[in-house]
Every structure is written in structure tokens, then in C-alpha cells.
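Please treat every number below as a calculation from the coordinates, not as lab data. Here the structure is a predicted model, which is why all the values come from computation and not from measurement. Positions of Cβ are backbone-derived with ideal geometry, glycine not excepted, and every protein chain shown enters the neighbour counts.
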Amino acid sequence: MPKLEVNMTSEILILNKKSIVLAADSAQTIGEHVYQGIEKIFELSKAPAMAMMTYNNGEFMDIPLSTLIKDYRHNRDFSKLKNMENILNDFIIYLEENTKKFSKPEIKIEINEFKKYVIKEIKKYGLENLKNRYAEYETDEILPFLKNECYDIDFYEINGEYGIPIEILKKFFSNYLKFNGSCIVLTGFNDNEYFPSFIEFNLILNYEGNLIFEVFNKETNIDVGAIIPFAQKEVIETFLNGIDETVENTIIDYWYDTIEFCFNEFIKEIKKDNPQIKIDKINLNQIINENLADQLILTLNDAKNDIEEPIFESVRYLSDDELVKIAKILIKITSIKIKLLKQLETVDEEISIAIITKSNGLEWQNGK
């Protein structure tokens, strides 16, 4: 399985009551290499009107997604499947039957690759820094097959040398596999509905004939306007809600730090006049932090909604030509920002754009 260090492709879905616009650049970033001319949008059927758009890992179980999707499309009668849910379930069965199956030997190879990655990260960032990162995974789920104790021995080396609990290593390895997954957006018009639907899901691996996958997002019969970015989202999300995610996080962190400083100064002043007073600093600080920080986050979310809502309301009534222009511009400005900030051509200027309508199915606007 190829390991993705960075994936900065840009893709977008724009929906209103009558149309779905899919747009994608043609770049694929694997490690330090950027590949251009990658096909990412695929028509499945005209009745029902359905398509797939891919991002992240361009292969699943070492087979190009384009090959799998085209073969699947060629061998199915979509008029019998009728809706997106049935197509997703049928596609999963197809992948279980037609891709190679990992069992214990292959998983152990993946764990060995993971161990090399962890050791490399420790040398690069330091053990304490990495342990802090692992703490982020404490509430995450371990992939079901990894719960088998037969895999514990494969983590003993890192566990013994660096003192990282096996459970945390398994959670991190689960996220490692998910990060390298093959992501697909299935979208279109269900046979018995008038408005668009979509499902975003991640193919992780085929384990002994059982496909391991996760659904990120699912919306059906959408009767409002929507702009949904995938992969490299930051630029488009900044356009939609008026604030860069990094800036927003900086504001929140500064707010926490300011509360902490003011709280400590407040306690000092009280202690000056009342040195014998007992104060539950931890509990009081937590209450103040939660209330004030929650209020800031609510205020920021309200401000973002105030910017987003008029945009989505306009999208609801825009013509197909206007939707295409918006999609093209948003992916282009993503490309420009990435090139300026990271000096990488990770988002290609060649953009494929297609429109799906219930009556006509998928129609290419350019790039095909």
C-alpha cells in the first residue's frame, strides 16, 4: 500500500435543487512526487443519475480506483439498484470480491512499515512531542481486526523501547491506515427523489474478504444550496465562512491563554488581602475556561453562519453556468495559494468539471 505524506488535491461539490456540479483538479500527490493528468470524476449511470469522484489515495489494494470504478460500472445494471444506498452496498460487495485480501501476514508487513514511520517521527520530532500527538488518539476506535491479541507482539518493540502503550499504538496505526485510505464521493439523484444526495466514504482495506471502510458524510434529498470542498479544503472554507482555520485556532488558543493569565492574577490579588482563604483553583479555573471559551466558540460559529447562509441561499437559485464558474474559480484560487505558500504544484490548473441533473445524467463541461 503506497503511503501518502501529503495530499493537496482540490475538489468540490456544489448542489442546488436541480443540479450537482463536480469539479476536480488532475493532480495526485504521493510522498514528494506530484502526478498530473489523474482522472477523478466518473459517471456511473444516467438512470438513476449517479457519479463518483475520488481523492486521497488513487489506488485501493494496489489497483487504480479508475480501473475498479470503470469495471464496476461496466458490470452493473444501475436501474435495478435505484438509489445511492444500494449502489454503495453493491460497490462494497464488488470490492470485497475483486480486490486482493489482506490477512495476518500482510497486516504484519504493514505494521513493520508503521514501526519504521514511528521511529522516523521520533527522531524527527522527539519522543515527548510524539507522545503528545498520540494522546489525541485516546478516544479513537481501534479497527476491529486489530483487537485480536495476535498483533500485540508486533507492537512490543516500540512499546518496550519508547514506553508507548500498545492500545495507543493500535489506535495510531488505525488512523495511519485510514489516512492512507481511498476516498470517494458518490453523488446523484435517487430514483424516487427529486433533489440531490451524496455519500462521502473512505476505503481502508480488504481484510480477509471483509471490506473495512468508514462513511464520513451522508446527505439525502438536499433541497437547499450547498458548497462542499474535499481534500484541500482550507481555501474554500475560508471563502465560505470568512476566517482561516489557522487564524481561528490562534484566536481560541490566545483566548485560553488570556483567561489563564487573568485567572492567576485574580487569585494573587485575592490572596494578598486574604492569605488564609482556600480556593479550589483547578475546579474554578475549569468552570471559567469552559464558560468563556464556549461563548467565544459559539460567537465565532454564529459569525461564520452569518457569512455562509447568504452564499448558500444564492447557490440554491443559480444557473448551471454560474455554478460551474464558481467551482472553477474556487479550485483555481486553491491552486494559487498552495503554490505561493508551499512552492508546490500540488493542485493542477487542469480542472475537470461535470454537471449532473436528474433528467440528463452527467454532462461534461470541460476536461473531457
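See the values below:
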{"quantity": "Burial ranking of peptide ranges 332-338, 97-103 (average Cβ count within 10 Å, highest at the top)", "calculated": "332-338, 97-103"}
{"quantity": "Segment 224-329: C-alpha gyration tensor shape, a/c 1.5 cut-off, then a/b vs b/c", "calculated": "prolate"}
{"quantity": "Expected 222 nm ellipticity per residue - DSSP helices of 4 or more, -39500 (n - 2.57), all of the chain, to 500", "calculated": "-16500 deg cm²/dmol"}
{"quantity": "Angstrom value of the Kirkwood radius, inverse mean 1/r, which spans all Cα pairs in segment 245-306", "calculated": "13.2"}
{"quantity": "Footprinting exposure proxy for Glu121, Glu313 (fewest neighbouring C-beta atoms within 10 Å first)", "calculated": "Glu313, Glu121"}
{"quantity": "Amide proton proximity set for Ser45, modelled H, under 5 Å, gap of 5+", "calculated": "Met50"}
{"quantity": "Residue order, fewest to most beta carbons within 10 Å, for Asp320, Asp62", "calculated": "Asp62, Asp320"}
{"quantity": "Relative contact order, percent, the chain [alpha-carbon distance under 8 Å, six or more residues apart]", "calculated": "29"}
{"quantity": "Mean Cα-pair separation over length for segment 104-178, i.e. relative contact order, pairs under 8 Å, 6 or more apart, %", "calculated": "41"}
{"quantity": "Förster-model FRET efficiency, 41 Å R0, Val215 and Ile288, C-beta, rounded to 0.05", "calculated": "0.60"}
{"quantity": "Calculated from backbone phi, Karplus (6.51, -1.76, 1.60) coupling profile of segment 93-106 in Hz, x at Gly/Pro", "calculated": "4, 4, 5, 4, 8, 10, 10, 5, 10, 7, 10, 4, x, 5"}
{"quantity": "Residue-by-residue Karplus 3J(HN,Hα) for segment 215-231, coefficients 6.51, -1.76, 1.60, Hz, glycine and proline x", "calculated": "9, 7, 7, 8, 9, 10, 6, 7, 10, 10, x, 8, 10, 10, x, 9, 6"}
{"quantity": "Cα-projected label distance for Glu322 with Glu350, points at 7 Å along beta-carbon direction, nm", "calculated": "3.2"}
{"quantity": "Relative contact order %, segment 190-237, counting alpha carbon pairs below 8 Å whose residues are six or more apart", "calculated": "34"}
